[in-house]
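Step one of this worksheet: look at the structure below.
Quick note: the coordinates plus some simple rules give every number you see, no bench work behind them. Predicted, not measured: the structure shown is a model, and the values here were computed from it. Here the Cβ positions follow ideal geometry from the backbone for every residue, glycine too, while neighbour counts run over all protein chains shown.
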Amino acid sequence: MKKIAILTNGGDAPGLNAVIRAIVKTAETNGIEAYGFIEGYKGLLNNDYVRLDPNGNASGILDKGGTIIGTSNNTNVFNYKVVKEDGTVEYQDLSDKCVENIRNAGFECIFTLGGDGTQKSSRDFCLKGVNCIGVPKTIDNDVAHTETTFGYNTAVSVAMEALDRLHTTASAHHRVLTLEVMGRYAGWIALESAIAGGADVALIPEIPYDINKVVEKIERRKQNGKAFSIVVVSEGAKPKDGEISIKKVLDDGAGLDNIRLGGAGELVADQIEKLTGMTTRNTVLGYVQRGGTPTSFDRVLSTRYGVKAMELAMQGIFKVLVTYKGGEMGYVDLDDVVGRDAKVGAASSKNRTVPLDHDLVKVARELGMCLGD
């Protein structure tokens with residue numbers, strides 16, 4: 001192997017640059033040239049890439065947030081949105097152009113750093129004869145077959161710090177404060193940050209909540225002399241017999257997640273204030289969770305992911321996703337990640353959500369935390 005390329009796709013996450021650095025440095029150690037496609041699959045389509053130099057542009061990036069090669073979260077080259085001259089929109093499969101770009105450049109492996117949608121396209125490219133290796137990237141921690149994705153620990157740490165700060169304000173003003181965190185359809189960030197930050201309530205997508213149960217918890221605290229409460233709300237949390245809170249629906253085409261969540265925390269805050277009469281304020285943590293410097297845990301985990309990915313490439317093992325289980329690095333077939341019956345170009349939905357018998361759920365309940373049920 002002499003030449004490889006990396007792309008980062010989807011939302012940014014702390015640790016992306018650390019993965020890039022690890023792949024590039026491992027490649028250099030073994031006499032392999034490394035390149036990066038600019039803005040994910042968009043760069044692959046436009047044949048826009050740069051050489052990654054471990055002593056130049058890929059140096060000093062271990063602690064940097066974001067990604068030095070950019071990313072795109074609205075590009076599905078298997079069903080690409082094309083606006084024609086007359087203004088009409090047409091969706092085209094431009095994946096063959098990408099394959100041509102890869103072969104003309106002489107790249108022997110493409111490392112795809114991303115979440116569910118990114119790995120779905122990675123699998124689809126493998127079916128076209130491209131050597132791909134996926135690295136799971138999402139702060140939501142919801143990629144199938146891996147226990148911890150890089151960036152997740154940083155996101156939880158940021159949410160925990162926010163809860164520490166909200167505690168002082170809630171206590172001083174005798175208020176209920178809600179914190180809406182990311183996670184989409186998985187409650188990992190909400191649940192773990194709630195435990196780490198000493199929250200009284202945690203509402204996650206996996207457990208539809210009864211707002212009356214939440215109110216009961218807050219009222220019991222008042223009766224016990226606690227005149228304030230802290231509530232963590234996952235953006236994908238939904239009430240019993242209700243729906244998730246959707247901010248808007250995009251039109252980026254099939255094969256992409258066009259739903260933008262938002263408003264779950266505000267909804268819960270409004271209901272609590274109405275039912276308890278207590279002043280309730282909501283904070284949306286938003287992109288703060290996935291920006292900035294990665295924690296030491298994520299720096300090490302990202303580096304391990306990158307080194308393992310490059311090792312697999314040198315061993316000739318492709319169409320796989322690098323995994324982290326039980327403290328060890330491994331890999332699984334990309335078909336097992338996205339679903340063996342997943343249609344080429346379509347979206348995949350094999351997300352890893354919180355099992356109701358998971359230890360974190362048990363811990364939260366033993367602590368007396370209300371989960372809305």
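With the charge dipole of the range 192-238 set up from +1 on Lys and Arg Cβ and -1 on Asp and Glu Cβ about the Cα centre, the Cα lying farthest toward the positive end among the listed residues PRO205, ALA227, ILE195 is that of ALA227. Taking every DSSP bridge with both residues inside the chain, close to 35 percent are antiparallel.
When you work out D = kT/(6 pi eta Rh) for the range 173-312 at 37 °C and 0.692 mPa s, using the Kirkwood radius from C-alpha pairs as Rh and the Stokes-Einstein form, the result is 197 µm²/s.
Taking 7 Å steps out from each Cα toward its Cβ at ARG365 and THR169 produces label points 3.3 nm apart. Summarising the label geometry, the points placed 7 Å from Cα in the beta-carbon direction at ILE259 and ASP63 lie 4.0 nm from one another. Helical runs assigned H by DSSP (4 residues or longer) give the chain a calculated mean residue ellipticity at 222 nm of -11000 deg cm²/dmol, each run adding -39500 (n - 2.57) before division by the residue total.
Cross-linked pairs LYS120/LYS343; LYS213/LYS248; LYS2/LYS42: Cα-Cα separations exceed 19 Å for LYS213/LYS248; LYS2/LYS42.
Aspartates and glutamates near LYS247 by alpha-carbon distance under 15 Å, same-chain residues fewer than 8 away left out - which ones? Cross-link targets: GLU180, GLU235, ASP257, GLU266.
With the charge dipole of the range 49-137 set up from +1 on Lys and Arg Cβ and -1 on Asp and Glu Cβ about the Cα centre, the Cα lying farthest toward the positive end among the listed residues THR75, ILE102, PRO54 is that of PRO54. Other residues lying with their Cβ under 10 Å from the Cβ of GLU273 contribute a combined charge of +2, Lys and Arg counting +1, Asp and Glu -1. If you wrap the tightest convex hull around every Cα atom of the chain and split its volume per residue, you get 142 Å³.
A crude spin-label estimate for the pair ASP86 and ASP270, with each label 7 Å from Cα along the Cβ direction, gives 4.4 nm.
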